[in-house]
Amino acid sequence: LLDALENKTSYYTIPGLCYRRGDVIFKNPKQILAGFGRSYMEDWIDWSTYRKRGNACWAIQTKRGCPLKCDYCSYPAIEGRRFRKRSAEDVADEIEEVIKRVGPQTFEFVDSTFNAPPSHAIRLCEEIIRRKIKANFTAMGVNPIATSPELFSAMKRAGFNSMMVTPESASDTMLASYKKDFQMSKVYDTVRYIRESGIHSTWFFMLGGPGETQETVNETIRFVETELADNNMMSIFIVGIRIFSGTGVARTALKEGWLKPDTDLSQPTFYISPHVSEDWMIQRINQAVQKTPYVVLAANEGQTFVEL
């Protein structure tokens, strides 16, 4: 694209490019790369500015693609459904080079799901341990579908001091609705494994998806109030499901008339089940906030109201 712009030649056939001609938006066929390597961010990011402002966490990706079928998620459309994995040695090489050149305090693994497949995550941890790399690590997208004492033990020994867990719901009804491919028994197991590991965790829950009711909302919030009321665990609630083009939630929203066919989904658009009130869900979350300090409502326009 840069070559085409510089040389004033056509960019109409560049794979994966979206562009506007007049009032019409065109999207060229995408091309998934067979593999990928390190980002080389250290060559083009001035890390000193981030460090001065308190951000000492360096992003690193170990694989792309996701074969999971979560009904709301756009990752498979963006990265493909087949895993393209970097070797543990390649990732460890990058970590060592970044530490040498930049020196961040913490690395965050930003794979869409860090622990799928679990063997890949464990191999990476073992390579970090073998090389005696001294750094803190965290991971976004730890999925209860593939957790075990072996995984969290390896993460702890490698230097993980936190992780972000994404069950999205604590109701079997909603887990089925979201097509999460696991049930609450796996979520309870994950809580136990994490507590035994001693690693801090942040849990993410979405309320308001297709089929959500007051009963399923209460199931999820009661789980947080009873199982995650721990100073090593924080729970973040999101009310409403962001609608992305091509997802199951988008199809449901169209079928129910929640979404018009010509809606521009590049603008934030959210689905909320017709069987439960948004205001009621926010009030119910705030009851949990008052009960435990480890609950957060991630809302626009300051919608978390707590009387102290």
- Nearest 5 is fine: what % of DSSP beta bridges in the chain come out antiparallel, could you say? 25 percent
- Task: First measure r as the distance between the Cβ atoms of Y19 and R84, then evaluate 1/(1 + (r/R0)^6) with R0 = 22 Å and state the FRET efficiency to the nearest 0.05.
- Result: 0.25
- Item | For q = 0.17, 0.27 Å⁻¹, Debye-computed log10 I/I(0) when each Cα of region 18-60 counts as one equal scatterer | -0.73, -0.97
- Note on the structure: Between T9 and Q290, the two model label points (7 Å from Cα along the beta-carbon direction) sit apart by a distance in nm of 6.7 nm
- Message: Springs between alpha-carbon pairs under 10 angstrom, Gaussian network model over the chain: which of G65, G209, G246 fluctuates most?
- Response: G246
- What accessible surface, in Å², does a 1.4 Å probe find on D264, ignoring ligands, DNA and RNA and rounding to the nearest 10? 90 Å²
- Does region 14-144 come out rounded, prolate or oblate by the C-alpha gyration tensor, with a ≥ b ≥ c the root eigenvalues, rounded set by a/c under 1.5 and, if not, prolate when a/b is larger than b/c and oblate if not? oblate
- Which distance in Å, rounded to a whole number, links the C-alpha centroids of region 85-101 and region 224-241? 33 Å
- Item | Contact order normalised by residue count of the chain, Cα under 8 Å, 6+ apart, percent | 13 percent
- When the distances between all Cα atoms of the chain are binned every 10 Å from zero, what whole-number percent does each bin get? 5, 23, 29, 27, 13, 2, 0
- Message: Given the whole protein assembly as supplied and a 1.4 Å probe, what does the accessible area of S266 come to in Å², nearest 10?
- Response: 80 Å²
- Whenever you get a sec, line up F36, F270 from highest to lowest accessible area (probe 1.4 Å, protein heavy atoms). F270, F36
- Item | GNM result for the chain, Cα springs below 10 Å: residue of Y294, Y40, Y271 fluctuating most strongly | Y40
- Message: Once each part is reduced to its C-alpha centroid, what is the distance from region 110-160 to region 162-181 in angstrom?
- Response: 20 Å
- Note on the structure: Cα extents of region 199-283 along the principal axes, largest first, in whole Å, come to 46, 27, 19
- Query: Residues of the chain: accessible area per residue at 1.4 Å, in Å²?
  - Reply: 54 Å²
- Query: Considering only Cα-Cα distances, which of the following residue pairs are longer than 30 Å: K30/K134; K27/K179; K30/K260?
  - Reply: K30/K134
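The values are calculated or read from the model by the stated rules, or taken from the named source; none is laboratory data. Note that the structure is predicted; figures quoted are calculated from it, not measured. When we count neighbours, we look across all protein chains shown, and the Cβ atoms used for this are built from the backbone with ideal geometry, even at glycine. All accessible areas refer to the heavy atoms of the entire protein, side chains included, with ligands and DNA or RNA removed. Shrake-Rupley method; radii C 1.70, N 1.55, O 1.52, S 1.80 Å.
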